Amino acid sequence: FYAFLDISPLRPGHTLVVPKQETDRFFDLSEELLSELLVFARPIARAIEKSFQCNRCGIAVIGLEVPHAHLHLVPINSADDLNFTRPKLKLSAVELKACQEKILSNV
């Protein structure tokens with residue numbers, strides 16, 4: 001699996017988790033990969049919660065943006081923070097790097 005920041009995040013710290021195996025639809029992943037994906041994502045989600053002011057780390061599977069299974073981890077305070085129809089943020093490379101460093105320091 002890979003984890004990396006979304007370059008058009010809903011909120012600072014918005015992270016994508018993707019399997020190395022190329023699969024279009026999330027639920028076409030094997031049972032083994034599905035469970036391993038969540039286990040892989042758990043410490044990242046916990047680090048996001050420690051790194052950003054939020055009630056919790058929200059999780060979403062949308063699957064329309066790119067033809068590759070992926071999971072969104074987003075620091076949220078309400079369900080509306082996971083509203084993918086809202087305008088996305090435009091963070092600079094410096095701001096993204098700062099988000100990355102916060103998360104990595106809390107893994």
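The values are calculated or read from the model by the stated rules, or taken from the named source; none is laboratory data. The model shown is predicted, which means the values in this text are computed figures rather than measured ones. Backbone-built Cβ (ideal geometry, glycine too); neighbour counts: all protein chains shown. The accessibility values were calculated without ligands, DNA or RNA, using every heavy atom of the protein model including side chains. Shrake-Rupley method; radii C 1.70, N 1.55, O 1.52, S 1.80 Å.
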(1) surrounded by 12 or more Cβ atoms within 10 Å (Cβ to Cβ); (2) in contact with a Leu (Cβ under 8 Å, 6 or more places away or on another chain); (3) within 19 Å of Phe1 (Cα to Cα): which one isn't true of Gly63, the others all being true?
(2)
Yes or no: Phe26 open to solvent by less than 50 Å² (accessible area, probe 1.4 Å), touching a Gly at 6+ places or on another chain (Cβ under 9 Å) and more than 19 Å from Leu89 (Cα to Cα)?
yes
Inside region 69-106, can you point out the residues that are touching a helix residue (DSSP H, G or I) at 6+ places or on another chain (Cβ under 6 Å) and open to solvent by 40 Å² or more (accessible area, probe 1.4 Å)?
Lys102, Asn106
Farther than 22 Å from Asp24 by Cβ, open to solvent by less than 40 Å² (accessible area, probe 1.4 Å) and among the acidic types (Asp, Glu) - does that describe any residue in region 46-54?
no
